[in-house]
Amino acid sequence: MPVAELQSVSKNYGAVAALRGIDLAMEGGEVLAVLGPNGAGKTTAVRILLGLTVQTSGRAAIFGHAPGSHEAKLRRGAMLQVARVPETIRVREHIDLFSGYYPKPLKLAETIAAAGLGGVENRLFGELSGGQKQRVLFALAICGNPDLLFLDEPTVGLDVAARRGLWKHIREYAARGGSVLLTTHYLDEADALANRIAVIDGGRIIAQGTPGEIKQQGASAGLEDAFLSLVRENTNSIEEVLQ
Ligand SMILES: Nc1ncnc2c1ncn2[C@@H]1O[C@H](COP(=O)(O)OP(=O)(O)OP(=O)(O)O)[C@@H](O)[C@H]1O
Ligand SMILES: [Mg+2]
């Protein structure tokens with residue numbers, strides 16, 4: 001059974017077609033990077049798999065359960081692009097609170113070390129720097145030791161050391177059998193972490209494969225050039241249809 005699955009999923013926000021028939025299936029232990037330009041539909045796909053929004057049509061499941069179900073929520077952790085976190089709670093209290101939802105959470109010290117929060121654990125969230133806040137959001141995603149992690153642009157604003165720390169944690173987590181759906185605009189990050197890449201553009205998956213395969217599809221040595229040529233090709237083909 002796939003860890004996470006979207007079948008023919010479409011999502012309309014009024015007149016905006018954010019997703020147009022997406023099929024995606026993740027296996028256990030997989031690190032899937034979802035790439036795509038701004039507005040491609042990446043966050044929408046993540047929000048559907050988290051049960052935060054409901055698809056207009058198609059089917060979504062986490063471990064065979066409805067994304068919004070209790071069973072699904074106990075097995076996944078998430079870091080969203082825009083997260084509302086109370087400002088007047090201390091870092092360690094936030095982590096304790098979140099850990100409490102899960103049946104087999106990490107030890108507090110382990111979460112703090114993995115997220116690079118040593119030294120600021122007693123500070124109020126509202127008093128942290130942007131990158132420190134981002135580290136807390138990562139801590140809240142991993143502290144429950146879930147089977148599946150959703151990370152929506154997790155390393156935005158992180159310094160080099162924190163970014164590498166996050167990469168290390170993701171690698172170790174996947175090696176232990178955890179699955180990760182990651183979105184990023186840093187293609188070196190996708191290259192470094194993902195064993196599979198899905199490129200979304202205009203609400204459709206336009207390419208899928210290992211980082212090596214994607215580079216070949218884009219007829220290019222680097223992932224960034226391959227990505228740009230795939231997205232450009234897709235834009236051209238949409239324009240041809242419209243003409
Ligand atoms: N709540 C919403 N109401 C209306 N339109 C929305 C909403 N959320 C997203 N959209 C639209 O849906 C489309 C896909 O947005 P989405 O956030 O999924 O893109 P994304 O791939 O995550 O982009 P980015 O790289 O900028 O984060 C965009 O056109 C966006 O404007
Ligand atoms: Mg997004």
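The values are calculated or read from the model by the stated rules, or taken from the named source; none is laboratory data. This one's a predicted model, so the numbers in the text were calculated from it and none came from an experiment. Neighbour counts run over all protein chains shown; Cβ positions are idealised from the backbone, glycine included.
Of note:
- The set of residues in the range 95-112 that are surrounded by 13 or more Cβ atoms within 10 Å (Cβ to Cβ) and over 21 Å from the mean Cα position of the chain (by Cα) comprises D96, L97, L108, E110.
- Residue match in the range 67-84 (condition: more than 13 Å from ligand 1 (Cβ to nearest atom), surrounded by 14 or more Cβ atoms within 10 Å (Cβ to Cβ), more than 26 Å from N195 (Cβ to Cβ) and of a type in the set (A, V, I, L, M)): yes
- For the range 12-57, the candidate set comprises residues that are within 13 Å of ligand 2 (Cβ to nearest atom) and among the basic types (K, R); within that set, the residue that is nearest to L80 (Cα to Cα) is R47.
- Unmet requirement for F227, which otherwise passes all of (1) surrounded by fewer than 22 Cβ atoms within 10 Å (Cβ to Cβ); (2) closer than 28 Å to G21 by Cα; (3) of a type outside the set (D, E, K, R): (1)
- Residues of the range 130-184 that turn out to be assigned to a helix (DSSP H, G or I), touching a Pro at 6+ places or on another chain (Cβ under 7 Å) and over 23 Å from N38 (Cβ atoms), as a count: 0
- Residue that is nearest to ligand 1 (Cβ to nearest atom), among those in the range 148-180 that are more than 26 Å from F125 (Cα to Cα) and touching a strand residue (DSSP E or B) at 6+ places or on another chain (Cβ under 7 Å): S179
- Filtered residues of the range 156-171 (kept if over 17 Å from V3 (Cα atoms) and either crowded, with 24+ Cβ neighbours inside 10 Å or aliphatic (A, V, I, L, M) (or both)): V156, L158, V160, A161, A162, L166
- Flag for V82 being within 16 Å of ligand 2 (Cβ to nearest atom) and modelled with pLDDT under 95: yes
- Pairing residues of the range 220-235 that are within 18 Å of G202 (Cα to Cα) with residues that are loosely packed, with under 14 Cβ neighbours inside 10 Å, at Cβ distances under 7 Å and at least 6 apart in sequence or on separate chains, gives S229/A219.
- Count of the range 46-73 residues, restricted to those that are touching a residue at least 24 places away in the same chain (Cβ under 8 Å), in a loop (DSSP other than H, G, I, E, B) and polar (S, T, N, Q), is 3.
- Within the range 146-189, considering residues that are modelled with pLDDT under 95 and touching a Phe, Trp or Tyr at 6+ places or on another chain (Cβ under 7 Å), the one nearest to ligand 2 (Cβ to nearest atom): P154
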